[in-house]
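This report concerns only the one structure given below.
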Amino acid sequence: LLATTAFLAFGASAALAQTVGFSQIGSESGWRAAETTLTKQQAEERGITLKFSDAQQKQENQIAAIRSFIAQGVDAILLAPVVATGWDSVLEEARDAEIPVVLLDRRVDSDDSLYLTAVGSDLVHEGEVAGKWLVDQAAGEECRVVELQGTTGSSPAIDRKTGFEKGIAGADNIEIVRSQTGDFTRAQGKEVMESFLQAENGGKDICALYAHNDDMAVGAIQAIKEAGLKPGEDILIVSIDAVPDIFQAMSAGEANATVELTPNMAGPAFDALEAYLADGTEPRSSFRLNPSSIPRQTIRRANMSAGKIWGTERDLMTGGG
Ligand code: GZL
């Protein structure tokens, strides 16, 4: 009995003494920073040793980090892929080294046999929710929209554009007149919005901004104010992530809606990894976090003409109105 107990104890501690390499994209947005914080917290709570690499939004840095993790002989790799293409060879190297890879929050075009599972959200749906919200807001009036896209070639930029176009399909009064990447950052969101404003009669011809994330929207809000216009009123603003700063803007009447998605992708990822490493349990090919948890559409009307508010308890916490 003693030997068995000792073996079980060893076995358990061996399972928990996992070392996981995490190749994170960078810290381009508040949402990304939250994902990093939560992933580190989850690893700590589960007794997982996490080797963290910040790629500064460069794919070559992510590939180098993955090769380094393989050389170190980690038990598993977490990868948030900055873009969707160019991963086949390094994923094959991880497979040949029998190191499982789990994708976080973005997808890759590689065959799904090259990774253990993918944890993400329905990015197309997020864009569609934003598009449908604008159709509702425009109520048949002509609405010229400018779009700040996420990182070129990333799955959220591709899918959120597709989703938004799906959401506005059939609404002939809504037209995307300019669309350009702001690389998911505030600085570039502001810079590109400045060029949109100049190109569109000082912004007077722009009815709405659709930004693929809140950080670009926050940057754009600054540009709109500097152009002497009122964001949230002269130009409606809808974006995605639901980070605290967009709630601040909404409470100030400077933004109108955000589509929320959880930054906690690591929970399901570590669950799948632990089960696989413990006894080879094969997870589903991908976890599309279920609609009830994401995207919880936190749609708020900062101008609150209808005085109606719905969404999550966080809405209420900011004293929406
Ligand atoms: C979405 C994630 C996106 C966020 C941005 O799952 O990949 O990347 O929406 C972040 O804030 O840059």
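Brief remarks on what is shown
- List Arg67, Arg46, ordered by accessible area with a 1.4 Å probe, largest first: Arg67, Arg46
- Ligands, DNA and RNA aside, Arg284 has an accessible area near 140 Å² when probed at 1.4 Å.
- Approximating the spin labels as points 7 Å out from Cα along Cα→Cβ, the Ala33-to-Asp88 distance works out to 3.8 nm.
- Between Thr181 and Gln149, the built amide H atoms are under 5 Å apart, and every one of these is 5 or more places off in sequence or on another chain.
- Summarising the label geometry, the points placed 7 Å from Cα in the beta-carbon direction at Lys166 and Gln41 lie 3.1 nm from one another.
- Most to least accessible of Glu28, Glu44 (protein chains only, probe 1.4 Å): Glu44, Glu28
- Per residue, the accessible area of segment 88-185 comes to 40 Å² when a 1.4 Å probe rolls over the protein heavy atoms.
- In this calculation the C-beta distance from Arg284 to Ala199 is compared with R0 = 56 Å, giving a FRET efficiency of 0.80.
The values are calculated or read from the model by the stated rules, or taken from the named source; none is laboratory data. This one's a predicted model, so the numbers in the text were calculated from it and none came from an experiment. Heads up, the Cβs are rebuilt from the backbone with ideal geometry, glycines too, and the neighbour counts pull from every protein chain shown. Keep in mind that these areas ignore ligands, DNA and RNA; they rest on the heavy atoms of the full protein, side chains included. Shrake-Rupley method; radii C 1.70, N 1.55, O 1.52, S 1.80 Å.
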